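Notes follow the structure.
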Amino acid sequence: MTTADTEDFPVAKKQPGILIVDDRAARWLGGATAILRSGAVFVLLAVLAVIFALAQPAFINLNNLMSILQAVSVVAILGAGVTVTLAVGGFDLSIGAVAASSVMAASYSMIVWKLDVYETVPLVLAFGAVVGLLNAFLIVRLRVPDLLATLSMMFLLSGLQLIPTAGRSISAGLSLPDGSKATGAYDPHFLLIGRYSLFGTVPVSVVLMLLVAVALFVLTEKTRIGRLLFATGGNEVATRLAGASTVRLKTLAYVISGTLASLGGIIIAARVGRGDVSSGGSLLMDAVAASLIGYAVLGLRRPNVLGTIVGAVFVGVLLNGLTMLNAPYYTQDFVKGAVLVGALALTYGLGRSNA
Amino acid sequence: MTTADTEDFPVAKKQPGILIVDDRAARWLGGATAILRSGAVFVLLAVLAVIFALAQPAFINLNNLMSILQAVSVVAILGAGVTVTLAVGGFDLSIGAVAASSVMAASYSMIVWKLDVYETVPLVLAFGAVVGLLNAFLIVRLRVPDLLATLSMMFLLSGLQLIPTAGRSISAGLSLPDGSKATGAYDPHFLLIGRYSLFGTVPVSVVLMLLVAVALFVLTEKTRIGRLLFATGGNEVATRLAGASTVRLKTLAYVISGTLASLGGIIIAARVGRGDVSSGGSLLMDAVAASLIGYAVLGLRRPNVLGTIVGAVFVGVLLNGLTMLNAPYYTQDFVKGAVLVGALALTYGLGRSNA
Amino acid sequence: MPLLHVDNLSRSFEQTRALDAASLTVERGEIVALMGANGAGKSTLVKILSGVLSADGGTVTLKGNPFAPGSPAEAAAAGVVTVHQSTDLVGAPGLTVADALLLNRFADRGQPFFVSRRGIRRQAQAILDAVGFELPLDRDFGDIPAADRQLVAIARALANKADLLILDEPTASLSADESRRLFEVLLRLRRNGLAILYISHRTADLEAIADRALVMRGGAVVGAFARPIDFSQAIETMIGRKLQSARPGARQAQGAPIFEMRGARLLPSSELFDLSVHEGEVVAITGVLGAGKSRLLSAIFGTIPLLAGTMVLDGRPHRPKSAADAIAAGVAMAAEDRHRSSLMPPSWPGNSLAATISLPHLAKWYRHGFLFGDRERREAERAIERLHIKAPGPLASIWTLSGGNQQKVVLARWEAEPSRLLLLDEPFQGVDVGARHDIIQAIRRRTDRAALIATSDPEEAIEVADRIIVIDRHGIADAASGAVASVFEELTA
Amino acid sequence: DGIAGAPAPFDKGGVKLALISYISAGDFFQAYQAGAEAQAKALGIDLRVFPGRQDASEQREQILQAVNLGVSGIVIDHGLPESLTDVVQQALDKGVKVVAFDVNLNNPKIPQVEQSDHELAQLALDQVVKENGKSFSAGYVYVAGFAPLDRRNEIWDKFKADNSGVVEKARFGNVSDTTAATTADQAKAALTANPDIKVVFAPYDEFARGVKLAAGDLGIADKIKIYSADVSTADIQEITEDGSPWVATVATNPAVVGAVSIRAAALEVAGQTVPHQITVKPTLLTQESLRAAGVKTIEDLAAKVPAFNTSDAATASWIPQKLF
Ligand SMILES: Nc1ncnc2c1ncn2[C@@H]1O[C@H](COP(=O)(O)OP(=O)(O)OP(=O)(O)O)[C@@H](O)[C@H]1O
Ligand SMILES: Nc1ncnc2c1ncn2[C@@H]1O[C@H](COP(=O)(O)OP(=O)(O)OP(=O)(O)O)[C@@H](O)[C@H]1O
Ligand SMILES: [Mg+2]
Ligand SMILES: [Mg+2]
């Protein structure tokens, strides 16, 4: 048999990257591939940026870069949430549905209940947190497998969000199922969350994304709680025996991911300006993609918040650049898939060659 | 802390259902909950069937039951494939996209290449198998995590399927990107796969579903290979040390799931009669739901083919019944989610109460 | 022509030379004991012979033919069957014990393709009967204790057709009974011409069966001892110094007990019992496999409920509902089966030596919650020094350590902070005699707490404890608690 | 390379326009885009096509990107008015001309191209009344939240209110990867439960295709009549098939609408007057008329039903006419 079978054990979830180095040349080579591996995504990102900038100078225009960041902000925020659930060994499939229902919830609370931004935002965030709690309840108390619990929640929410309006989108003047007409409107201040740019350049949603990224990066990588979150995902029994409450840690993770998903929904609502039933369709897959690409970033091969953000930006740059080059929409998914496979082959394949 | 923390270790993936039985009554009660737990899905299914039949007698008409089976056949077949990848500890996110591209591939081969059913079907199945091989290559050789590899494949395929026709759907008389016109047509025999019923009652697609179910049930539960597939998922290193080639086992699993996905695509193509553009996202989610619900069926709490089929039928019965009762479409997802959560609470929650 | 000839075999992991020109031969029909301190390279040698790892240099000949198996399957086909050190490498959660016993038959293409549950059960029972072990065939493999997993591994290996049988620490979690049964089978197999390479840190085991002993140090074979084997000489070669007499006399317990159990019941069917431990006292709990040692410690640590009775710690009622409660009350426990109970998977955060030690102490060491500063690295360096852990450094992954050194890290975790009651469940699994001696010294030096140590090896119990308690069918037999000597007699009779 | 006799800047060529779609996938949008591209080519326009992923916030972003790319005009194809009005105003402020198709931006400076979903639905329902009278049991296929379907739905609601003899027995529908197949599954349930349904109004061709499939499976193709909207080559084949219950559809030619949208933008860029409301009239296509004319594909349809293939909306002497 070959490489795959001559692997050293003990291997639990991950494979250790064994590198056998016999002499200087090999050592140097090993070092070079290690760098290439851990930087593969960055290298690709740089190469892409250069190609796009050469082909279309408008690409590196500051406004365009900001618009890339703005375009990825929601996916990056959701992806960061997924990353936290991946860290505790779970998986949150409900985030797309949470974001979509948050769009509806925000619109409903402003248009039907006539609440303003200061009431709507906490309300919607609380909604996301409650969904996270429910997920955690199913997973932690009833011991339902993560995928199954969050998938059920996904179906539940994608139906639930349509019921108050009988499946209609929510915009000013909505006629309610009871025949009356809603008289509220979007609070103009709420719209600023999605549409205002600080100093005319940095969109609020980008600032929110960066705040989330920094906060979660510090939480997951630099704090006790973060260590325990990962420990829960690595070996739940061992974590419990070390005196941590894995129940609370998992609950925390799902509440974080639910809340972030509803923050994503708030940003979408503020950008779109109405409760559109079709929004958020591809969010789940894109967020999952971002956090999985994050595995490859820095060669860490594990969930990490920084990687997730870079992953989201990576896809954003790719799609923006292709659009600038006037590539038809159907080639974009293909290129996205192909570049991903390439990045993966670099990140994961290189370490193997000399095992 | 509570129940969750007072668990006995060693706990691996499953939690032993420790039942402390002190007297006869408790023993009887224990037995009853055990039956209820393992049969929760069946009980719910029966309850639903009775409710629907009372409300709408046409529900239990044989033709309607066949319609239900026909409606779930594609999801059940795809779900069976997912189940096999879950058994080896993987996860195939590409099946939706494989099915969608198979629809395009089948249409292309008949309409553009003018092949007949006997050439088209093997060709499309081979396409699915090749995708499975590629997935396996990424996962087994390059060690890319399953989710990441199959997600990239999903993006790749959902773009790729559109390139030959520049994003247009394929039907007779299609104008190709080079300006010429395709002169082929769907082979009428091919359409029978989706539209013919044996003895005027049993649709071909239902027969295919049953064949797949029986074959995979036997393979996974009654053969040497089946044990090894589950062993690979449970502890890959141990399986390798016992002398099995986990490389081949995982490859087998992904080839099976790719091939089944393309079989699903063939059935869709034969029902719809044209190559329709779609991403396969909802197929994926429904198939994943079926195989996860399968965990709860019979109280097994692990992937199993029989459970997957029952899971798919369960959802099919629910949606068919709701449609018969003229429930608005937007309540259907909600009910689906709610019933799922109920089934899960029964299956998973009951065993806990007396731990 | 010897059955197996290993010539100048080498293997490195980055900077570590795990095997450094090791040479040895094994003849048909002999049992060769392979000794060596933790990290000497024994398991690495085994992994190469069983097709798990490849060598960097040197040659192996088996039955006169060059032998370099590329996979475990190849090694098995060539007639080399191995029981690995880790009990996690035998079966998979989700499969039954019967499945695990037959796993290598499932992988064998010569076997029938279709299987039935009844057939599996029957064959598995036959495998167990041949060795005389009893195991719950229908239990999920993921739920059975480490000792049972080890029995599965042994039974499966013995059922195989082989020329060379390699056993890496097969009795680490077995008690005397099972060990004795294993030895009977091994001696029978030897008579049939099987060659056995036997690795163990239990001198008593080796004394019972070995024909020859080889000693490894620093990746090479540095000594060979023929019958009659001078084990004290062999141990001196192995650890590079003389081992002083085991234990400086038992101390008399004084004052009020730190910890007491009254009218305790572990299982619905078991007897009520009392137990008390005093400050400065080291108490060993021993008993056969499945007697309830682990259950007793788990009940004190709050991870399983005590069915009846009360516990008192430091004069206060002790009713932990979780490990967290117990830790807060001053109880520390190093659980058995380190892989499951203490370690993070490879390339997952927290798999370094330092992080393994710090996990329960993070709140104490980093009061503000941020992991700034190098407290855990310093603590790990101290532990490496104190327990002579052989590791590249405090930040090395725990998975690059040898089995015995991993065990030392787990002990170091619970030694890093003071506690009132230290619970150790099979703490010396795979730890070499020299290191065990050092650890015992370290444990006994601390007199500001009590220690309760569960072990299935009476020899170990005698070496470490002031007092030995025997547990049987989840109850503490009155007659057995008492003088060390009489217990030993009873156990080894 | 400009067009001789055209007003500036088309006399010199090199005009850049952007087409920003809300949705790109699907035959209708692809045909619309193809028509737009053909017209742009004929005018020597460099047309940048932005992909639509049914993502309103991305569409906003694309408008800003297009402005950054320095286009002189933007065609907006569908979308959500709430999410577009402010960015569109920013584009207008920078001197970029904007034309909207099937999304009401409610701005006097923006010409609105429409295929008129209201008129589409009305023509289909007129045909229903002609063939079935004003009193029958009906099935209705509808999913809310898709703007064209919502507009068609308004007409259906009005139709029901005006004709009390029309009873909506069942309402179903599903938009997914396999819209036709899942709609068929639902239709089978609904038609089994309500055997008295005679007419099915399915104002989206994928819905109609699903209902037809269900009728075939249930063997009731001769008992019901399906009326729909939109058309494609595959649809024509389904409609004209022997014994098909799909008796009529109403459609505009998306390619023509695409071309009209580009022409309107070009006229705006050239500074010529463009009417605020540009409507492309839909055509009623009955089973009979299609069979009679021997139409098999969209191209046949264009050749044999000239009204389907051209529009005199938004044109000028310097704009080349014959495109496809
Ligand atoms: N995968 C690995 N990566 C890096 N170093 C390793 C690896 N496996 C073993 N080593 C190192 O090789 C040396 C020999 O280890 P080995 O496991 O062979 O020791 P051992 O003799 O079996 O010890 P023990 O009695 O503790 O089981 C040790 O220093 C260990 O740290
Ligand atoms: N999680 C569990 N669920 C059910 N039974 C268990 C569980 N863990 C252990 N047992 C059983 O309980 C009995 C007592 O186990 P325990 O681990 O306390 O014994 P022990 O004396 O520590 O023995 P060992 O030498 O196996 O460690 C054993 O027969 C064991 O099989
Ligand atoms: Mg070892
Ligand atoms: Mg034990």
Taking a ≥ b ≥ c as the square roots of the eigenvalues of the Cα gyration tensor of chain B, is the shape rounded (a/c under 1.5), prolate (a/b larger than b/c) or oblate? oblate
How much mean residue ellipticity at 222 nm does chain B get from its helices, if each DSSP H run of length 4 or more adds -39500 (n - 2.57) and you divide by all residues, to the nearest 500 deg cm²/dmol? -22000 deg cm²/dmol
Accessible area expressed per residue, the range B:130-261, with surrounding protein chains retained (probe 1.4 Å, Å²): 33 Å²
Copies of B:Leu325 compared via label points 7 Å along Cα→Cβ give distances in nm, shortest first, of 5.4
Accessible area buried at the B-C interface, both sides summed, 1.4 Å probe (Å², nearest 100): 3200 Å²
Charge dipole (debye, nearest 20) of the protein assembly as shown; +1 at Cβ of Lys and Arg, -1 at Cβ of Asp and Glu: 1200 debye
Taking one equal scatterer on every alpha-carbon of the range C:257-492, how large is log10 of I(q)/I(0) by Debye at q = 0.07, 0.18 1/Å? -0.22, -1.40
For the range D:185-194, just list the computed ³J(HN,Hα) in residue order, Karplus coefficients 6.51, -1.76 and 1.60, θ = phi - 60°, integers in Hz, with x standing in for Gly and Pro. 4, 5, 4, 4, 5, 5, 6, 5, 6, 10
Give the separation of the Cα centroids, the range A:120-181 to the range D:1-38, in Å. 42 Å
Most positive-pole-ward Cα, C:Gly29, C:Gly41, C:Ala55, against dipole of the range C:1-82 from beta carbon charges: C:Gly29
For the range D:86-169 the chymotrypsin sites (Phe, Trp or Tyr not before Pro) that pass both the DSSP coil test and the at-most-14 other-Cβ-within-10 Å test are none
For helix C:433-445, report the angle its Cα long axis makes with the longest principal axis of the Cα atoms of chain C; keep it between 0 and 90° and round to the nearest 10°. 0 degrees
Rg to Rh for chain D: what is it, with Cα atoms only and Rh by Kirkwood? 1.01
About the Cα centre of the range A:143-287, how large is the charge dipole given +1 on each Lys and Arg Cβ and -1 on each Asp and Glu Cβ? Please answer in debye to the nearest 20. 300 debye
Segment C:Arg382-C:Arg446, length gained on full extension (0.36 nm per residue, minus Cα span): 21.4 nm
Quick check on the protein assembly as shown: take the gyration tensor over C-alpha atoms, sort the square-rooted eigenvalues as a ≥ b ≥ c, and tell me if it's rounded (a/c under 1.5), prolate or oblate. prolate
Across D:Lys97/D:Lys158; D:Lys134/D:Lys281; A:Lys336/D:Lys296; B:Lys222/C:Lys63; D:Lys109/D:Lys281, pairs whose alpha-carbon gap is larger than 32 Å: D:Lys97/D:Lys158; A:Lys336/D:Lys296; B:Lys222/C:Lys63
For D:Lys281 paired with D:Asp86, estimate the spin-label separation in nm (one decimal), with each label point 7 Å from Cα along the Cα-to-Cβ line. 4.2 nm
Given H placed 1.01 Å from N in the peptide plane, which residues other than close sequence neighbours of D:Lys225 have an amide H under 5 Å from its amide H? D:Val199, D:Val200
Counting only protein heavy atoms with a 1.4 Å probe and every protein chain in place, the carbon and sulfur fraction of the accessible surface of the protein assembly as shown in whole percent equals 59 percent
Ranking A:Tyr196, C:Leu296, D:Leu19 by how far each Cα lies towards the positive end of the charge dipole of the protein assembly as shown (+1 on Lys and Arg Cβ, -1 on Asp and Glu Cβ), the top one is C:Leu296
Test of understanding: extend the Cα→C-beta vector of C:Ala77 to 7 Å, then name every residue of the range C:107-125 with backbone N under 13 Å from that spot. C:108-110
Roughly how much accessible area, to the nearest 100 Å², goes out of reach of solvent when B and A pair up, both sides summed, probe 1.4 Å? 5500 Å²
Dipole magnitude of chain C about its Cα centre, charges +1 at Lys/Arg Cβ and -1 at Asp/Glu Cβ only, in debye to the nearest 20? 620 debye
For C:His361, solvent-accessible area (1.4 Å; no DNA, RNA or ligand), Å²: 10 Å²
Report, by chain and number, residues whose modeled amide H sits under 5 Å from the one on D:Ile74, excluding near sequence neighbours (fewer than 5 apart, same chain). D:Ala18, D:Lys97, D:Val98, D:Val99
Taking beta carbons within 10 Å but only from partner chains, what does the mean come to for residues B:60-72? 3
Please list C:Glu463, D:Glu61 in order of solvent-accessible area, largest first, computed with a 1.4 Å probe with all protein chains present. C:Glu463, D:Glu61
Shielding by partners, peptide C:105-117 (average Cβ within 10 angstrom, other chains): 5
With a 1.4 Å probe, how much accessible area is buried between chains D and A, both sides summed, in Å² to the nearest hundred? 2400 Å²
Report, for B:Thr223, each distance to the same residue's label point in the other copies, shortest first and in nm; define the point 7 Å along Cα→Cβ. 5.2
Under a 1.4 Å probe, what is the accessible area of the range C:4-239 per residue, stated in Å²? 37 Å²
Provide an ascending nm list, one decimal, of label-point separations from B:Ala32 to the equivalent residue in each further copy; define each label point as 7 Å from Cα along Cα→Cβ. 7.4
Leading residue at positive end of dipole, the protein assembly as shown (Cβ point charges), from C:Pro360, D:Val167, A:Leu210: C:Pro360
Under a 5 Å amide H to amide H cut-off, with H placed in plane at 1.01 Å, what residues pair with D:Ile3 once short-range neighbours are removed? D:Asp11, D:Lys12, D:Gly13
At 7 Å along Cα-to-Cβ for each site, give me the label-to-label distance between A:Leu62 and A:Leu192 in nm. 2.2 nm
Crossing angle, helix A:283-296 versus chain A [Cα axis fit, 0-90 degrees, rounded to tens]: 20 degrees
Taking the mean number of other Cβ atoms within 10 Å as a proxy for protection, how do you rank C:229-237, D:24-32 from highest to lowest? D:24-32, C:229-237
In Å², nearest 10: area of C:Arg241 left accessible to a 1.4 Å probe: 90 Å²
Would you kindly derive the ³J(HN,Hα) couplings of the range D:68-79 from the backbone phi angles with the Karplus curve 6.51 cos²θ - 1.76 cosθ + 1.60 (θ = phi - 60°), listing them in order in whole Hz, with x for Gly and Pro? 4, 6, x, 6, 9, x, 10, 9, 9, 10, 6, x
Could you check the simple spin-label distance between C:Ser269 and A:Leu176, using points 7 Å along Cα→Cβ, in nm with one decimal? 6.5 nm
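The values are calculated or read from the model by the stated rules, or taken from the named source; none is laboratory data. On a predicted model such as this, the values are computed, not experimentally measured, just so you know. Reconstructed Cβ throughout: ideal geometry from the backbone, glycine too, with neighbour counts over all protein chains shown. All accessible areas refer to the heavy atoms of the entire protein, side chains included, with ligands and DNA or RNA removed. Shrake-Rupley method; radii C 1.70, N 1.55, O 1.52, S 1.80 Å.
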